[in-house]
Amino acid sequence: MWNYNFILPNTILLVTFLLFYLIQPHLSISKNRSFLRLVVLEISTIIVDLISSCALENFAAYPIAFHKTINLLYFVLFLFRCTFFFHFTVLLFTRKAKQKKIIMFFVYLPFWLCLTVVIANLFAPTIFLIDQTGYHKGALYNTIYVCAFFYTIIAILTLFNYRKRFKKISVVYAIAFNLILLAGYIFRYCFPRFLIMDFFCLLAIVVIYLSFENSACYLESRSGAFNLDALSLFLEEEKRRRSHVLGIEIQNYDDMREIYTDAKMDYGIALISDYLIRTYPRLNVFYINSGRFVLAGNPKNGSCGRACGCFGRKNGGWFFRRSENSGRGGADYSIENIKEEIKQRFMTPWTDKGRTMELYLDVRFIEVQKDFEISDASKFLQGILTAFNSMNSSSTNAVLPTDIVISGEILQSIEKNAEIKRIVRNAVEAREVEMFLQPLVQADSHKLVGAEALARIRLPDGTVLPPDVFIPVAEKSGLINLLGEQMFEKACEFVSKYDMKAMGLSWINVNLSPLQFLKCDLCDRFSAILNKYKVHASQIHLEITEEAMIDYAILKKQIQNMKSTGFKFVLDDFGSGYSNVTRLKHYPFINIKLDMEVVWDYFKTHEEIIPALVKAFKDTGFTVTAEGIENFDMARGMSTLGCDYLQGYFFSKPIPAKDFAEKYLAENRK
């Protein structure tokens, strides 16, 4: 009566698949739970389908009540199965495309209506009729196909509609398993005697597993802990819940790798990860590289992908994890208790079984402010990473570990930085960065002789974004080269547009960032801009900071190459970095600019270092510019020391290039 060729292998494969899935470590998130329910539901549907079909082939051997019950159960499972596949599709993509509850109510309304029709079969033959003559289809039998086709087609159309919002490959895989299901429903409708629908469901489940549920995608290979992608998924799931989150960092991790070698530290990371997984089975353990772990979860509900006594992985093999504290109550999982336990463990060395190595390591922690709610998972994750980075940069020389607490203020700061990054990117890409000019005057007469070009970005409300805010952002985001080239071009455009002689202006200084100075085609690009505006290279002086002088060979080669084209170089912010007078003799600078902090310190202490430096520069052949001049006494003092040029608010703040030209052209006409 029915063809059973596909039933037995499907069942064996699914049960094997389920067992294999269960021994893998998985995050306790809705997507994974939904997939597990889907596999269990599919196995249940196959078994019930097999029992009901076999019973109908031996109709007389079973009472009519049994036939009605088992067939009714099958149709209920059939409806749940097609709806669960749709629900899994929704969970894959609703983290970013959230739907209103009222919309989801109407989306799932057909399921409840169809389920009502099926259950109504208890009282009337809506889906099927079983009497003394056997099994017969009911008047509303095709209701189950309406439900199946509806949710499969809706899933495919929704995925196609939102295809540009998500990764292309993820959308392709999601559409693929829904198309497989659609083909299965069509085949079942056309050939009801072949029990092949479950084979199509098996194919769909395999595609889902390989595409979205493969635990290898969310495990860090060296440690066996969950990785950064898994942490992102977990935080997205846990938002607005008060979950435990604790960051753990190995202090001076990079130094430790050099001391103990990479191989031993990798083994140590595996030991630490295994300790955390065993000791805190109710919490998820994440390893996000560079010696950084995160413990996260809600120990009260015990929801963790690595439950007490689960299977785990170590050194490429699988073993059964037996929790070291499985009997603990939830109270022992307070952040303070966890920190204290981990500190105590790190007071003893990490060793292998043969004790052939011993790793002595220290840790520090990142906590989350009490009663803090995760309202935005991406910002919270960025807060964790930012806290790790700030900890690493601010306290690497600390004797004791320094802990950081993540609060709303930190997340607001991150949000502000993200907004600044967006503003900077938009301004640079739209060429809307403005050029301001600050005058450089002769020290003896205070007459204009040059100007420094300074980049400024204007916010929508008209205020100007300070350069110490957006320049680091431009450097980190890779925009500094484009920004620097635009400023050079604006300076050339200014020189070609205005009468420099009428303003009393001999040159304009343009800053080069260390990253920009490393570009091998810098000379060619700048020369092309000079030719475009018919400007001579001597009219644009290039300022580089002491930071760019770290690599002597690259710096010397670049300067010599550009000097042959006619460019002149100025050393900016002397006294804030690495250089000294002896080193400077090897570079063809024409001018040394004393950092304003150095100038200010001189007027506070009147030490003899600055006078000696100025004299040494002059004797070596450099001209000297003093920055940060804010009053007449400072101007007179630096002039007396022998400085050639002065720059500071005493003469003028940086002003827009157009205003600068109008001001000094008007002054020279008087």
Efficiency of FRET between ARG422 and LEU179 - r from beta-carbon atoms, R0 45 angstrom, step 0.05: 0.75
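In terms of the Cα gyration tensor, with a ≥ b ≥ c the square roots of its eigenvalues, is segment 463-559 rounded because a/c is under 1.5, prolate because a/b exceeds b/c, or oblate? It would help to have the intermediate numbers written out before the result.
Details: a/c = 1.86, a/b = 1.30, b/c = 1.43.
The shape class here is oblate.
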Long-range lysine pairs (8 or more apart or interchain), segment 24-148, Cα under 28 Å: 5
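Okay, helix-only estimate at 222 nm for the chain: each DSSP H run of n ≥ 4 adds -39500 (n - 2.57), divide by all residues, round to 500 deg cm²/dmol; what do you get? Intermediate values should be presented prior to the final figure.
Numbers: 24 runs with 345 residues, N = 670.
The per-residue figure over the chain is -16500 deg cm²/dmol.
Defining a contact as two alpha carbons under 8 Å apart and six or more residues distant in sequence, what relative contact order in percent does segment 5-86 show?
On the way: 37 pairs, mean separation 27.3, N = 82.
After rounding, I find 33 percent.
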Selection from LEU483, PHE632, ASN426, by position along the positive dipole direction of the chain (Cβ): ASN426
Segment 120-267 - Rg over Rh from alpha carbon coordinates, Kirkwood radius: 1.22
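GluC sites (Glu not before Pro) within segment 453-496: which are DSSP loop residues with at most 14 other Cβ atoms inside 10 Å?
none
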Hz values of 3J(HN,Hα) by residue in segment 182-190 - Karplus curve (6.51, -1.76, 1.60), Gly and Pro given as x: 4, 4, x, 5, 5, 5, 5, 5, 7
Charge-dipole axis of the chain as Lys and Arg at +1 and Asp and Glu at -1 on Cβ define it, positive-most pick from GLN24, TYR74, PHE470: TYR74
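How high is the relative contact order of the chain, in percent, counting Cα pairs under 8 Å that sit 6 or more residues apart? Before the final figure, lay out the partial values.
Numbers: 945 pairs, mean separation 57.4, N = 670.
Taking the mean separation of contacting Cα pairs over the length of the chain, I get 9 percent.
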FRET efficiency, PHE187 to LEU8 (Cβ-Cβ, R0 25 Å, nearest 0.05): 0.85
Positive-end extreme of charge dipole, the chain - chosen from LEU219, ALA455, ASN252 (charges on Cβ): LEU219
With all protein chains modelled, accessible area of VAL40 [1.4 Å, Å²]: 70
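Which length gain, in nm to one decimal place, applies between GLU667 and PHE123 when the Cα-Cα distance is subtracted from 0.36 nm times their residue separation?
On the way: separation 544, 0.36 × 544 = 195.84 nm, distance 10.08 nm.
Extra length from GLU667 to PHE123 when fully extended: 185.8 nm.
Largest first, how would TRP350, TRP600 line up by accessible area (1.4 Å probe)? Please list the in-between numbers first.
Working: TRP350 5, TRP600 65 Å².
Sorted descending by solvent-accessible area, the residues read TRP600, TRP350.
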Area of LEU665 that stays accessible when all protein chains are in place (1.4 Å probe, Å², to 10): 30
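Of LYS593/LYS653; LYS534/LYS568; LYS497/LYS593, which sit over 19 Å apart, Cα to Cα? Walk me through the intermediate numbers first.
Details: LYS593/LYS653 17 Å; LYS534/LYS568 17 Å; LYS497/LYS593 28 Å.
As for pairs spanning more than 19 Å Cα to Cα, those are LYS497/LYS593.
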Qualifying aspartates and glutamates (Cα of each under 17 Å from Cα of LYS476; at least 8 residues distant if same chain): GLU415, GLU419, GLU429, ASP468, GLU485, GLU547
Given charges at beta-carbon only (K, R positive; D, E negative), |dipole| of the chain in Debye: 2200
Under Karplus coefficients 6.51, -1.76 and 1.60, residue-wise ³J(HN,Hα) of segment 45-51 in Hz, glycine/proline x: 5, 4, 5, 5, 4, 5, 5
Only Lys, Arg (+1) and Asp, Glu (-1) charged, at Cβ; segment 457-552 dipole about Cα centre in debye: 440
Segment 107-149 and segment 430-476: distance between their alpha carbon centers, rounded to Å: 75
For segment 616-670 and segment 1-68, distance of Cα centres in Å: 85
Amide H contacts of LEU440 (H built 1.01 Å from N, under 5 Å, at least 5 apart or other chain): VAL449, GLY450, ALA451, GLU452
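Quick one: dipole size for segment 161-252, taken about the Cα centre, charges +1 on Lys/Arg Cβ and -1 on Asp/Glu Cβ, in debye to the nearest 20. Mind showing how you got there, number by number?
Values: 12 positive and 8 negative charges, 100 e Å.
Approximately 480 debye in magnitude.
The values are calculated or read from the model by the stated rules, or taken from the named source; none is laboratory data. Since the model is a prediction, treat every value here as computed from it, not as a measurement. Methodologically, a virtual Cβ is constructed for each residue, glycine included, from the backbone with ideal geometry; neighbour enumeration extends over all protein chains shown. Ligands, DNA and RNA are stripped out before the accessible areas are found, and what is left, the full protein with its side chains, is counted by its heavy atoms. Shrake-Rupley method; radii C 1.70, N 1.55, O 1.52, S 1.80 Å.
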